[in-house]
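Single-structure report; data block below.
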Amino acid sequence: MPINAIDVFGSPYIGLYCTGTEGLAILPLGIAKRKIEVFRKTLGVDVCSTDIGGCRLVGALVAANSSGIAVPHITEELELSRITSVTDVNVMVMDEKRTALGNLIVVNDNGAVVDPGFSASTIKALSELFNVEVVTGEISGLTCVGVSAIATNRGVLSHPSIREEEKRKLEEVLKVPVDTGTVNGGVPYVRAGLVANSNGAVVGPTMTGPELMAITRTLSI
């Protein structure tokens, strides 16, 4: 199970631009073909290329697992059709005023932890879409749980200042071990720096050796 390093539009924060599940990677338009192939081969997935709401920050805007893909209300019809042409997974446009769903939801195929500011109706819709239990929570006292941790079906890499009770909740809901790390030379918002699934990980090129070791160990890559 490999780890490969690339930048996206010159940025090492590839997790803000891209997202992935066990079967699909969603990348913004304009990424070079050779880099698309890195995602395809490293993660072992199909690839969809689209912006969301005309924005390249797909990873910040989209949350997904093997059962469903949640996209914000700014998503355009053409963008939806690009996704549905590549996958049979359900895609839901969320009736939620905030658009950065990827930054507010940490999810794998076992469960999801989301920003406490989501309404009960949004949480119910996400549970039905992802086909998992969805609970609210924080990481290091922060509500932006989606960018503060990355979850696969093998493990969760989290913000280094996660509290013990927050860690226990993640492990209980996502049903995988949780450990901590940073990305790109000390940044605590770990999902901003990588895209990962059970097959491998694509990381930013400024990742340090100890950070790569933490990713490898925690996500069993």
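Just a few scattered comments:
- Taking the criterion of being over 15 Å from the mean Cα position of the chain (by Cα) and in a loop (DSSP other than H, G, I, E, B), the residues of segment 1-48 that qualify are M1, P2, I6, D7, F9, G10, P12, L29, G30, I31, A32, G44.
The rows are residues; the columns are (1) of a type outside the set (S, T, Y); (2) surrounded by 15 or more Cβ atoms within 10 Å (Cβ to Cβ); (3) more than 19 Å from S198 (Cα to Cα).
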{"residue": "P72", "(1), (2), (3)": "yes, yes, yes"}
{"residue": "E79", "(1), (2), (3)": "yes, yes, yes"}
{"residue": "K97", "(1), (2), (3)": "yes, no, yes"}
{"residue": "S140", "(1), (2), (3)": "no, yes, yes"}
{"residue": "A151", "(1), (2), (3)": "yes, yes, no"}
{"residue": "V173", "(1), (2), (3)": "yes, yes, no"}
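- Set side by side, the residues R82, R163, R154 differ, and just one is farther than 23 Å from V45 by Cβ and either in contact with a His (Cβ under 7 Å, 6 or more places away or on another chain) or at pLDDT 95 or above (or both), which is R163.
- Selected residue (criterion: surrounded by the most Cβ atoms within 10 Å (Cβ to Cβ)) from residues of segment 104-127 that are touching a residue at least 60 places away in the same chain (Cβ under 8 Å) and not hydrophobic (A, V, I, L, M, F, W, C): N108
- Scanning segment 153-171 for residues being surrounded by 16 or more Cβ atoms within 10 Å (Cβ to Cβ) and touching a residue at least 12 places away in the same chain (Cβ under 8 Å) gives a total of 11.
- Qualifying residue in segment 116-138 (condition: outside any loop (DSSP other than H, G, I, E, B) and under 20 Å from I215 (Cβ atoms)): no
- Selection within segment 44-60 - of a type outside the set (G, A, S) and free of Cβ contacts under 8 Å to residues at least 60 places away in the same chain: D46, V47, C48, T50, D51, I52, C55, R56, L57, V58
- Per the listing T216, T208, T180, the residue uniquely over 13 Å from N153 (Cβ atoms) and in contact with a His (Cβ under 9 Å, 6 or more places away or on another chain) is T180.
- The single condition among (1) over 19 Å from P28 (Cα atoms); (2) touching a residue at least 24 places away in the same chain (Cβ under 8 Å); (3) not hydrophobic (A, V, I, L, M, F, W, C) that D88 does not satisfy is (2).
- For segment 15-43, the candidate set comprises residues that are hydrophobic (A, V, I, L, M, F, W, C), touching a residue at least 40 places away in the same chain (Cβ under 8 Å) and touching a helix residue (DSSP H, G or I) at 6+ places or on another chain (Cβ under 7 Å); within that set, the residue that is surrounded by the most Cβ atoms within 10 Å (Cβ to Cβ) is I26.
The values are calculated or read from the model by the stated rules, or taken from the named source; none is laboratory data. Predicted, not measured: the structure shown is a model, and the values here were computed from it. Note: ideal-geometry Cβ built from the backbone for every residue, glycine included; neighbour counts use all protein chains shown.
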